[in-house]
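Working notes, structure below.
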Amino acid sequence: TITQTWGALSAGGIVGVDRLLCILLSGAMVAGSAFAQSNDKPSTADQKRTIRIGVSPTTNRSRRQVIPTWARDQLVRELQRLRADRKSPIVLEAGPLEATSQEAASAEAERKGCHYFVLTTLVDPSHGPGVSGGPDGVQRAPIIIGNANSSQTLAIDFTVLEVGAARSLAQGTAAAPVEERNDVRAADEAMRLVAHRVASELRKDRAPSPD
């Protein structure tokens, strides 16, 4: 009958509306869950971690005419240029220290809230075993490999140390050619290389040192 047909159509319409409401509610729940997860995930800014580095004046064991505090300031400047790297969550903050010995520099770096400090030494390289003299003694001179003229090359040894821990994080040597007897230009280039190596080491994933 007409009444029965209308009732059947009405029932079907109700079922269709219920299904539509269920679909809409399910979609809203999924979207809400995804939004909540995206909010829970920390942003890149939240993941950033700052590492503070103190830089000591350079010890000059070479015959080159380079001012220790100037060389230190060049390294600080270069590290500041490398402060951020879009591929790394680590932000570097470099500042000058006045102490030059490892013990005194470590204490000063700790007072200034540094996590690491860098010691650098300007030395005369050689093509074979040798030593480099200075006012506080002698040490092994870095060996230059290849055809570079050691008498026309400036080398800087560097060591990165962790504040409050008796361990060296990294060490190495950076060298640059001395052109037109310009020691300052060569030292500037060598410090630029040191800065890149120091920044690279500090951005590596490492296990935390034991307390």
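The values are calculated or read from the model by the stated rules, or taken from the named source; none is laboratory data. Here the structure is a predicted model, which is why all the values come from computation and not from measurement. Because the Cβ atoms are built from the backbone with ideal geometry, glycine has one as well, and the counts that use them run over all protein chains shown. These area figures cover heavy atoms from the full protein model, side chains too; ligands, DNA and RNA do not enter into them. Shrake-Rupley method; radii C 1.70, N 1.55, O 1.52, S 1.80 Å.
Descriptive notes on the structure:
- Filtering segment 148-156 for residues that are under 16 Å from the mean Cα position of the chain (by Cα), surrounded by 12 or more Cβ atoms within 10 Å (Cβ to Cβ) and at pLDDT 85 or above leaves an empty set.
- When restricted to residues that are part of a loop (DSSP other than H, G, I, E, B) and open to solvent by 40 Å² or more (accessible area, probe 1.4 Å), segment 44-69 contains 4.
- The set of residues in segment 169-211 that are modelled with pLDDT under 90 and farther than 15 Å from SER62 by Cα comprises GLU179, GLU180, LYS204, ASP205, ARG206, ALA207, PRO208, SER209, PRO210, ASP211.
- Selection count where residues are modelled with pLDDT of 95 or more, among the polar types (S, T, N, Q) and open to solvent by less than 30 Å² (accessible area, probe 1.4 Å), scope segment 70-105: 1
- Pairs meeting the criteria (first residue in segment 69-80 and closer than 19 Å to THR173 by Cα, second residue open to solvent by 70 Å² or more (accessible area, probe 1.4 Å), beta carbons under 7 Å, at least 6 apart or on different chains) are GLU78/ARG192.
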